[in-house]
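The values are calculated or read from the model by the stated rules, or taken from the named source; none is laboratory data. Remember, predicted model here, so these are calculated numbers, not experimental data. Cβ sites come from the backbone with ideal geometry, for glycine too, and all protein chains shown count toward neighbours. Ligands, DNA and RNA are stripped out before the accessible areas are found, and what is left, the full protein with its side chains, is counted by its heavy atoms. Shrake-Rupley method; radii C 1.70, N 1.55, O 1.52, S 1.80 Å.
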Amino acid sequence: MSKTATTERVVIFDTTLRDGEQSPGISLDVGEKLEIAAQLARLGVDYIEAGFPIASQGDFEAVHAIASSVRGPVICGLSRTSHSDIDRCWEAIEPAERRRIHVFIATSPTHMEHKLKMSPDQVLAEAASAVARAREYTDDVEFSPEDASRSDFDFMCDVLRVAVDNGAGTLNIPDTVGFATPVEWAERIRAIRERVDGDYVLSTHCHNDLGLAVANSLAAVSAGARQVECTVNGIGERAGNAAMEEIVMAIRTRPEIYPDLEVGIQTEELARSSRMVSRLTGYPVQYNKAVVGRNAFAHEAGIHQHGMLNEPSTYEIMDPLAVGQEGTKLVLGKHSGRAAFKDALAKMGIDIHGDVLNAAFTRFKELADRKIQLSDADLEALVAEELGGPVDHAYDLVALEVRGGTVNTPTAELTMEVDGTEVSVTAEGDGMVDAACTAIKQATGVDGRLTDYTVMSVTGGVDALADVALSFQSADGVKVSGRGLSTDVVEASARAFIAALNKVARVRATGEDPNAIDRPGHLG
Ligand code: KIV
Ligand code: ZN
């Protein structure tokens with residue numbers, strides 16, 4: 001967005017290291033917090049809420065270490081209203097260049113009665129005295145009425161007013177339990193501005209219990225909030241906090257909805273920040289997570305892939321490189337079409353057309369039906385299988401059922417097309433592969449022996465493709481090789497064997513030199 005005289009900054013207040021770290025099961029040590037804080041500074045957040053210094057010695061040390069070494073963002077510490085909390089908070093953030101104390105106290109009837117065991121008057125007095133104490137240390141004091149969405153509006157405004165009167169420059173309105181909905185939250189933010197006079201920045205802090213944290217934060221921005229409290233990947237208590245990457249990219253991507261607003265984030269650092277927070281907290285990022293998920297810019301449906309190959313804006317509203325992702329991914333899976341298949345091969349330098357392309361695409365669809373996604377290595381093996389075999393097949397696999405185990409003799413039930421006629425046989429063997437090959441010999445009537453047999457996994461993982469390569473010498477001395485690919489080793493072996501027998505049939509029919517057709521194809 002181009003900056004104008006009226007452009008206003010939406011302050012990004014990151015609380016990954018405070019509210020985010022309060023997620024169940026997350027416990028970061030000082031070194032890990034320092035690593036994340038340094039990345040947040042690179043990302044360009046305005047504030048880092050580094051922790052809650054009174055909570056533990058570890059929290060205190062982490063906040064102190066961040067305040068001592070991280071430059072750029074203002075370093076903030078959280079504090080309850082008691083003066084000893086505030087004093088400890090100040091001690092922790094003091095080494096920072098710029099510092100903020102964030103004081104909070106609950107204002108909802110439930111919290112006042114059951115948690116604080118304080119009357120509304122006591123809460124008012126606590127808020128006033130805490131903000132005043134914090135102001136003795138720094139000009140930058142933020143005040144939050146905890147559980148604001150369930151607080152009596154008039155009472156909450158009374159508390160906000162005493163906070164402003166005692167020097168709070170930022171009023172942060174937390175939807176502590178993720179109870180609010182966007183329209184209602186926007187109304188509340190707007191109403192606070194109308195009811196509480198003074199020179200302060202309105203801030204919003206939303207939790208995600210109803211999955212509305214980002215929507216509520218953006219509604220608050222539209223209603224006048226100029227600070228958003230959020231975390232990387234949306235981590236936080238229970239269902240988490242508002243996800244920073246989503247808020248930032250909504251404001252950047254839709255300037256007509258958020259006119260004259262800017263955020264100071266280096267968006268190219270978003271994906272890296274997400275990966276770092278995920279790695280250090282052990283919280284995985286869901287594949288389809290907006291902006292930073294690994295599928296956020298991946299397309300599998302054939303129609304979408306075709307559109308993307310013609311013009312990226314057909315199915316993408318953001319540039320993946322602008323958020324630090326590697327780029328658009330056209331994932332090859334069962335929904336992909338011929339255009340994406342051909343494009344993927346072309347990117348690997350594989351140039352095939354006509355019957356070979358058609359045959360490879362048919363095999364690709366068969367394999368993709370069984371395997372979720374096909375990697376480049378899978379494609380390479382698949383094309384090699386097709387290039388290695390004659391296009392006009394004498395023999396084709398129709399169906400194969402193999403039973404094995406430690407008790408019964410391995411048995412294969414096979415149906416094949418042999419010169420255009422369907423043939424079914426049953427055969428036993430020493431193992432399941434042997435039973436399948438014996439059945440193939442019976443069905444085709446080709447006799448001979450395997451002289452070499454290797455099986456490789458194309459990629460890692462339990463759904464990896466098995467790539468079988470074998471050599472065969474027929475009883476009349478024709479030497480050939482065959483290659484087969486499948487998610488199942490026995491089927492891959494059967495396919496490799498049939499590919500080899502097709503070559504035998506071709507040699508017999510044409511008198512061709514078997515070595516001339518026995519080379520795996522050129523993969524570029
Ligand atoms: O959710 C909340 O209410 C908080 C406050 C401490 C701001 O995290
Ligand atoms: Zn919170």
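Among the residues of the stretch 294-313, what is the count of those that are open to solvent by 40 Å² or more (accessible area, probe 1.4 Å), part of a helix (DSSP H, G or I) and farther than 17 Å from Arg254 by Cα?
Residues flagged as open to solvent by 40 Å² or more (accessible area, probe 1.4 Å), part of a helix (DSSP H, G or I) and farther than 17 Å from Arg254 by Cα within the stretch 294-313 amount to 6.
Is at least one residue of the stretch 64-76 in the same structural domain as Arg238 (by TED's automatic domain parsing), in contact with a His (Cβ under 6 Å, 6 or more places away or on another chain), modelled with pLDDT of 95 or more and open to solvent by less than 10 Å² (accessible area, probe 1.4 Å)?
Scanning the stretch 64-76, I find at least one residue that is in the same structural domain as Arg238 (by TED's automatic domain parsing), in contact with a His (Cβ under 6 Å, 6 or more places away or on another chain), modelled with pLDDT of 95 or more and open to solvent by less than 10 Å² (accessible area, probe 1.4 Å), so the answer is yes.
State which residue pairs qualify: first residue among the polar types (S, T, N, Q) and inside the stretch 163-181, second residue open to solvent by 20 Å² or more (accessible area, probe 1.4 Å) and within 16 Å of ligand 2 (Cβ to nearest atom) in any location, beta carbons under 6 Å apart, and separation of 6 or more residues or different chains.
Thr176/Glu146
Which residues, taken from the stretch 165-206, are under 18 Å from Ser149 (Cα atoms) and among the aliphatic types (A, V, I, L, M)?
Here is the first cut: in the stretch 165-206, the ones under 18 Å from Ser149 (Cα atoms) are 170-196, 202-206.
Once the filter is applied, which keeps residues that are under 18 Å from Ser149 (Cα atoms) and among the aliphatic types (A, V, I, L, M), the stretch 165-206 yields Leu171, Ile173, Val177, Ala180, Val183, Ala186, Ile189, Ala191, Ile192, Val196, Leu202.
Look at the stretch 95-119 and say how many of its residues are touching a residue at least 12 places away in the same chain (Cβ under 8 Å), in a loop (DSSP other than H, G, I, E, B) and either touching a helix residue (DSSP H, G or I) at 6+ places or on another chain (Cβ under 7 Å) or open to solvent by less than 50 Å² (accessible area, probe 1.4 Å) (or both). Please lay out each step first, then the result.
Step one: filter the stretch 95-119 for residues touching a residue at least 12 places away in the same chain (Cβ under 8 Å), giving 95-111.
Applying the additional criterion that residues be in a loop (DSSP other than H, G, I, E, B) yields 95-98, 107-108.
Subsequent filtering for residues that are either touching a helix residue (DSSP H, G or I) at 6+ places or on another chain (Cβ under 7 Å) or open to solvent by less than 50 Å² (accessible area, probe 1.4 Å) (or both) retains 95-96, 107-108.
Residues in the stretch 95-119 being touching a residue at least 12 places away in the same chain (Cβ under 8 Å), in a loop (DSSP other than H, G, I, E, B) and either touching a helix residue (DSSP H, G or I) at 6+ places or on another chain (Cβ under 7 Å) or open to solvent by less than 50 Å² (accessible area, probe 1.4 Å) (or both): 4 in total.
Can you find, within the stretch 124-171, the residue that is nearest to ligand 1 (Cβ to nearest atom) among those that are of a type outside the set (A, V, I, L, M, F, W, C) and in contact with a Ser or Thr (Cβ under 6 Å, 6 or more places away or on another chain)? Lay out the reasoning, then the answer.
Step one: list which residues in the stretch 124-171 are of a type outside the set (A, V, I, L, M, F, W, C), which gives 126, 129, 133, 135-140, 142, 144-147, 149-152, 154, 158, 161, 165-167, 169-170.
If we keep only those that are in contact with a Ser or Thr (Cβ under 6 Å, 6 or more places away or on another chain) too, we end up with 126, 142, 145-147, 150-151, 170.
Working: Glu126: 14, Glu142: 9, Pro145: 9, Glu146: 4, Asp147: 6, Arg150: 11, Ser151: 11, Thr170: 11 Å.
Taking the candidates together, the pick is Glu146.
Return yes when Asp46 is under 27 Å from Ala220 (Cβ atoms), open to solvent by 20 Å² or more (accessible area, probe 1.4 Å) and out of contact with any helix residue (DSSP H, G or I) (no Cβ under 6 Å at 6 or more places or on another chain) and no when it is not.
Working: under 27 Å from Ala220 (Cβ atoms): yes; open to solvent by 20 Å² or more (accessible area, probe 1.4 Å): yes; out of contact with any helix residue (DSSP H, G or I) (no Cβ under 6 Å at 6 or more places or on another chain): yes.
Answer is yes for this residue.
Write out, first by first residue and then by second, each pair whose Cβ atoms fall under 6 Å of each other, whose residues are 6+ apart or on separate chains, and whose first residue, in the stretch 17-32, is of a type in the set (D, E, K, R) while the second is modelled with pLDDT of 90 or more and away from ligand 2 (no atom under 14 Å from the Cβ).
Close Cβ pairs satisfying both conditions: Glu21/Leu28; Glu32/Leu280.
Restricting to the stretch 1-33, give me the number of residues that are of a type in the set (Lys, Arg) and at pLDDT below 95.
1
Need the failing condition index for Ala243 against (1) surrounded by fewer than 22 Cβ atoms within 10 Å (Cβ to Cβ); (2) closer than 26 Å to Gly224 by Cβ; (3) small (Gly, Ala, Ser), just the number.
Of (1) surrounded by fewer than 22 Cβ atoms within 10 Å (Cβ to Cβ); (2) closer than 26 Å to Gly224 by Cβ; (3) small (Gly, Ala, Ser), only one is false for Ala243: (1).
Show me the strands (runs of 3 or more DSSP E) entirely contained within the stretch 1-89 in which 1 or more residues are within 30 Å of the chain's Cα centre (by Cα) and of a type in the set (Phe, Trp, Tyr).
On the way: elements: 11-14, 47-51, 74-79.
Ranges flagged: 11-14, 47-51.
Would you tally the residues in the stretch 1-29 being among the hydrophobic types (A, V, I, L, M, F, W, C), buried (at least 17 other Cβ atoms within 10 Å of the Cβ) and either closer than 30 Å to Asp260 by Cβ or away from ligand 1 (no atom under 16 Å from the Cβ) (or both)?
Summing the residues that are among the hydrophobic types (A, V, I, L, M, F, W, C), buried (at least 17 other Cβ atoms within 10 Å of the Cβ) and either closer than 30 Å to Asp260 by Cβ or away from ligand 1 (no atom under 16 Å from the Cβ) (or both) in the stretch 1-29 gives 5.
Among Ala427, Ala412, Ala436, Ala443, which is open to solvent by less than 40 Å² (accessible area, probe 1.4 Å), under 30 Å from Asp376 (Cβ atoms) and in contact (Cβ under 8 Å) with a residue 12 or more places away in the chain?
Working: Ala427 fails: under 30 Å from Asp376 (Cβ atoms); Ala412 fails: under 30 Å from Asp376 (Cβ atoms); Ala443 fails: under 30 Å from Asp376 (Cβ atoms).
One residue alone meets the criteria, Ala436.
Can you tell me which residue is most open to solvent (accessible area, probe 1.4 Å) among those in the stretch 217-240 that are part of a helix (DSSP H, G or I) and at positive phi? Outline the logic, then answer.
Just the residues of the stretch 217-240 that are part of a helix (DSSP H, G or I), to begin with: 217-222, 232-234.
Among the residues that remain, those that are also at positive phi are: 233-234.
Values: Asn233: 28, Gly234: 13 Å².
Across the stretch 217-240, the extreme among qualifying residues is Asn233.
Just to check your reading of the model, which residue among Arg254, Arg275 is of a type in the set (Lys, Arg), over 19 Å from the mean Cα position of the chain (by Cα) and surrounded by fewer than 18 Cβ atoms within 10 Å (Cβ to Cβ)?
Values: Arg275 fails: over 19 Å from the mean Cα position of the chain (by Cα).
Among Arg254, Arg275, only Arg254 is of a type in the set (Lys, Arg), over 19 Å from the mean Cα position of the chain (by Cα) and surrounded by fewer than 18 Cβ atoms within 10 Å (Cβ to Cβ).
If I ask for residues that are within 10 Å of ligand 2 (Cβ to nearest atom), touching a helix residue (DSSP H, G or I) at 6+ places or on another chain (Cβ under 8 Å) and of a type in the set (D, E, K, R), which ones from the stretch 230-250 would you list? Outline the logic, then answer.
Start the filter on the stretch 230-250 by keeping residues that are within 10 Å of ligand 2 (Cβ to nearest atom), which leaves 231, 236-238, 240-242.
From what's left, touching a helix residue (DSSP H, G or I) at 6+ places or on another chain (Cβ under 8 Å): 231, 236-237, 240-242.
Residue satisfying the conditions is Glu237 alone.
Would you pick out the residues in the stretch 412-433 that are under 18 Å from Ala499 (Cβ atoms) and outside any loop (DSSP other than H, G, I, E, B)?
Ala412, Leu414, Thr415, Met416, Glu417, Val418, Val423, Val433, listed by residue number.
Any chance you could count how many residues in the stretch 348-359 are open to solvent by 100 Å² or more (accessible area, probe 1.4 Å) and either over 14 Å from Val383 (Cα atoms) or among the β-branched types (Val, Ile, Thr) (or both)?
Qualifying residue count for the region: 0.
Report yes if Ile54 is more than 16 Å from ligand 2 (Cβ to nearest atom), in contact (Cβ under 8 Å) with a residue 12 or more places away in the chain and either of a type in the set (Lys, Arg) or buried (at least 24 other Cβ atoms within 10 Å of the Cβ) (or both), otherwise no.
Working: more than 16 Å from ligand 2 (Cβ to nearest atom): yes; in contact (Cβ under 8 Å) with a residue 12 or more places away in the chain: yes; either of a type in the set (Lys, Arg) or buried (at least 24 other Cβ atoms within 10 Å of the Cβ) (or both): no.
No; evaluated as a whole, the condition is false for this residue.
Specify the residue that is surrounded by the most Cβ atoms within 10 Å (Cβ to Cβ); the eligible residues are those in the stretch 174-210 that are among the small types (Gly, Ala, Ser) and within 16 Å of ligand 1 (Cβ to nearest atom). Give the steps one after another, and end with the answer.
In the first step, residues of the stretch 174-210 are kept if they are among the small types (Gly, Ala, Ser); the result is 178, 180, 186, 191, 198, 203.
Still in the list and also within 16 Å of ligand 1 (Cβ to nearest atom): 178, 180, 203.
On the way: Gly178: 22, Ala180: 30, Ser203: 25.
This residue is Ala180.
Could you run through the stretch 72-124 and say how many residues are within 16 Å of ligand 2 (Cβ to nearest atom), among the polar types (S, T, N, Q) and within 18 Å of Tyr137 (Cβ to Cβ)?
Looking only at that region, the number is 1.
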